[in-house]
């Protein structure tokens, strides 16, 4: 594997990006641009190769911790990579994207199906069901103390959302809603009515299954 200094000038990622556009870069070259340089004893081409292997293996489960295990990738660089990915996801999720059915929602939350912690996500919508924003509101055990209407609806009000969808995962792989899930959903629906925001659905996901409160007529 050639070091970056051994590459022809026009083949270096930054120069290639400037002359041919970002689309012309390979995934490895994109990582090299993000990293900028390697460390002593580890060229940026080697770092990018190792990181790409990890990304391909972990995909949605990429974390700060497993990135830091790569020699030459400290906390700052690991954070830089994760931040780049998150920024891309947020701005690829534009208001032109529309929620037509449950499958559209499931495709947006595929990244939490295999998470070992519970994640509570909100998706805010316009009156025409266009997506405004997808947010992870809470991580950890979902209960009354964390899923409070004030926290859940704060950003929805800022978005001037007409509708909202709740999604959370069950790491234990039991897709059925617990009594706590049902009570929290009722609490959120009651708050939404006061705020004038329509709760479109609350969906529970596991690795291979999902449960829709709306489809099972459990939304009030």
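Would you mind stating whether residue 104 is without any contact (Cβ under 8 Å) to a residue 12 or more places away in the chain and under 26 Å from the mean Cα position of the chain (by Cα)? It is true that residue 104 is without any contact (Cβ under 8 Å) to a residue 12 or more places away in the chain and under 26 Å from the mean Cα position of the chain (by Cα).
A residue that is out of contact with any helix residue (DSSP H, G or I) (no Cβ under 8 Å at 6 or more places or on another chain) and either at pLDDT 85 or above or not assigned by TED's automatic domain parsing to the domain that holds residue 175 (or both) occurs nowhere in the stretch 29-39. Would it be correct to say that residue 207 is out of contact with any strand residue (DSSP E or B) (no Cβ under 7 Å at 6 or more places or on another chain) and either at pLDDT below 90 or not assigned by TED's automatic domain parsing to the domain that holds residue 60 (or both)? Spelling it out, residue 207 is indeed out of contact with any strand residue (DSSP E or B) (no Cβ under 7 Å at 6 or more places or on another chain) and either at pLDDT below 90 or not assigned by TED's automatic domain parsing to the domain that holds residue 60 (or both).
Residues that are within 21 Å of residue 214 (Cα to Cα) and at pLDDT 90 or above number at least 2 in the following helices (runs of 4 or more DSSP H) confined to the stretch 75-181: 102-108, 149-159.
Hey, any hits in the stretch 2-10 for a residue that's under 23 Å from residue 87 (Cβ atoms), at pLDDT below 90, assigned to a loop (DSSP other than H, G, I, E, B) and in the same structural domain as residue 81 (by TED's automatic domain parsing)? Full working, then the answer.
Filtering the stretch 2-10 for residues under 23 Å from residue 87 (Cβ atoms) gives none.
Within the stretch 2-10, not a single residue is under 23 Å from residue 87 (Cβ atoms), at pLDDT below 90, assigned to a loop (DSSP other than H, G, I, E, B) and in the same structural domain as residue 81 (by TED's automatic domain parsing).
For the structure I just gave you, tell me whether residue 151 is surrounded by fewer than 19 Cβ atoms within 10 Å (Cβ to Cβ), over 20 Å from residue 113 (Cβ atoms) and in contact with a strand residue (DSSP E or B) (Cβ under 7 Å, 6 or more places away or on another chain). Considered against the rule, which asks whether it is surrounded by fewer than 19 Cβ atoms within 10 Å (Cβ to Cβ), over 20 Å from residue 113 (Cβ atoms) and in contact with a strand residue (DSSP E or B) (Cβ under 7 Å, 6 or more places away or on another chain), residue 151 comes out as yes.
Please enumerate the residues belonging to the stretch 11-61 that are over 23 Å from the mean Cα position of the chain (by Cα) and not in a helix (DSSP H, G or I). Passing the criteria: 12, 21, 25, 36, 37, 38, 39, 40, 41, 42, 43.
The values are calculated or read from the model by the stated rules, or taken from the named source; none is laboratory data. No experiment lies behind these values; they were computed from the predicted model shown. When we count neighbours, we look across all protein chains shown, and the Cβ atoms used for this are built from the backbone with ideal geometry, even at glycine.
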